[in-house]
1. Order Trp237, Trp226, most accessible first, counting only protein heavy atoms with a 1.4 angstrom probe.
2. Per residue, what volume in Å³ does the Cα convex hull of segment 358-397 take up?
3. With labels modelled as points extended 7 Å from the Cα through the Cβ direction, what inter-label distance (nm, one decimal) is found for Arg191 paired with Met323?
4. What lysines could a cross-link reach from Lys321, if we take a straight Cα to Cα line under 22 Å and drop same-chain neighbours fewer than 8 places away?
5. Counting other C-beta atoms within 10 Å, and keeping those with at most 10, which DSSP coil trypsin sites (Lys or Arg not before Pro) do you find in segment 160-252?
6. Could you check the simple spin-label distance between Glu77 and His222, using points 7 Å along Cα→Cβ, in nm with one decimal?
7. Sorting Glu306, Glu343 by accessible area (1.4 Å probe), largest first, what list results?
8. Given a Förster distance of 35 Å, report the FRET efficiency between Glu403 and Lys214 from their Cβ-Cβ distance, rounded to the nearest 0.05.
Amino acid sequence: MMYQLYQAQQDLLTPFRQAAKGTGAWLRLFDTGRPETYGLRQVTAALELFGTSGITHERPSFGFTSVRVGNDEVAVEETPVFSTPFGTLLHFRKAIDTPQPRILVVAPMSGHFATLLRGTVQVLLPDNDVYITDWTNARDVPLSAGRFGFDEFVDHVIRFQEEIGPGGHVLAVCQPAVPVLAAVALMAEDRNPATPRSMVLMAGPIDTRISPTKVNELAQEHPISWFEQNLIDTVPWRLKGGGRRVYPGALQLTAFMSMNLNRHVNAHLEQFRNLVGGDSELADAHRRFYDEYLAVMDLPAEFYLETVQKVFQEHHLPLGKLMHRDRLVKPEAIRRTHLLTVEGERDDICAVGQTAAALDLCRNLPHTMKRNHLQIGAGHYGVFSGRRWTNEVYPLVRQLIAEAG
């Protein structure tokens with residue numbers, strides 16, 4: 001019922017937001033920049049803020065058209081390699097002849113699209129042949145496509161890695177650290193030729209018993225039935241995924257924004273001042289961030305609930321009882337995949353120590369093939385985007401890939 005009301009509100013407000021953006025753009029034509037048009041600038045700024053404040057449900061563009069490789073500027077083409085109803089293996093194909101390390105970037109299925117990792121991919125692109133998991137918004141997946149739970153996520157990682165082929169690498173950001181570790185363990189035990197040569201786990205909840213955050217504590221405060229009753233809803237029938245049970249992305253976004261509400265309010269007040277003051281560079285940076293942040297995707301209910309229960313409540317992986325279908329996942333089976341775990345000193349979502357726990361679970365990996373990096377000064381997003389990722393974290397990733405061969 002809540003989803004029905006939310007969608008009705010979206011349908012009602014969307015034309016008004018579009019009108020606000022159009023009117024604001026038209027009024028800006030009359031802004032001479034002189035003091036007498038100051039009031040006009042305030043009106044256009046207010047119209048833009050209203051027009052761009054709405055939630056959207058479509059993936060933004062990655063926007064990569066070219067990248068510098070060495071001394072050359074080469075074209076980049078987004079090419080779907082393999083697809084299921086729930087996700088696409090997307091290849092950032094570059095117009096070069098020299099082979100580069102093939103790496104699968106596993107994006108979170110946690111309320112935002114894979115484009116949340118645009119900055120991650122941008123840094124990887126010059127040196128690597130990059131693929132990414134482009135998850136489908138669950139509200140666009142028809143019921144006939146069946147279920148998508150934790151096991152299906154692991155299946156997708158394995159299948160995507162097989163599509164890339166032997167000799168590849170894998171990098172998981174946040175939530176998928178657990179299913180990616182599980183996938184690599186299963187592939188290693190099966191001696192799958194596509195088992196990645198290296199694995200990077202970044203800010204992922206391998207063992208949330210360590211230094212629990214507010215997110216971890218919330219998962220422990222309620223039984224799984226509470227999450228199902230209060231956070232799961234049904235996609236309206238007029239949409240492609242009508243009737244599918246989901247954790248709505250809009251609901252998750254609201255929860256995350258409430259954790260830092262003052263920061264978001266202040267950011268929009270600052271944007272108003274940027275627009276009125278004519279600071280186009282800061283205004284553009286705000287637009288880019290919130291265009292991405294406000295683009296949300298719904299999660300399949302079974303995947304969300306199973307993740308909460310297995311990862312955040314019952315800690316299946318660190319306790320050695322994580323199952324993939326009817327099979328026990330054994331991290332100790334990983335013997336030849338180089339491992340790097342990355343954590344942020346100021347991460348308030350995945351605390352220090354939670355990701356590094358993977359090093360102990362992979363106990364049969366030689367110490368020379370595994371390490372942890374604690375990024376000083378970085379919060380959750382700073383681990384995989386921004387200057388610290390570019391200048392301090394990525395060089396370690398590049399070194400790991402080179403060592404793995």
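The values are calculated or read from the model by the stated rules, or taken from the named source; none is laboratory data. Because the structure is predicted, anything quoted here is derived from the model rather than measured. Note: ideal-geometry Cβ built from the backbone for every residue, glycine included; neighbour counts use all protein chains shown. Keep in mind that these areas ignore ligands, DNA and RNA; they rest on the heavy atoms of the full protein, side chains included. Shrake-Rupley method; radii C 1.70, N 1.55, O 1.52, S 1.80 Å.
1. Trp237, Trp226
2. Per-residue hull volume (Cα only) is 79 Å³.
3. Simple spin-label model gives 2.8 nm for this pair.
4. Lys310, Lys330
5. Loop-located and lightly packed - Arg191, Arg238.
6. 4.7 nm
7. Greatest to least solvent exposure: Glu306, Glu343.
8. Step by step, r from the Cβ atoms, then E = 0.45.
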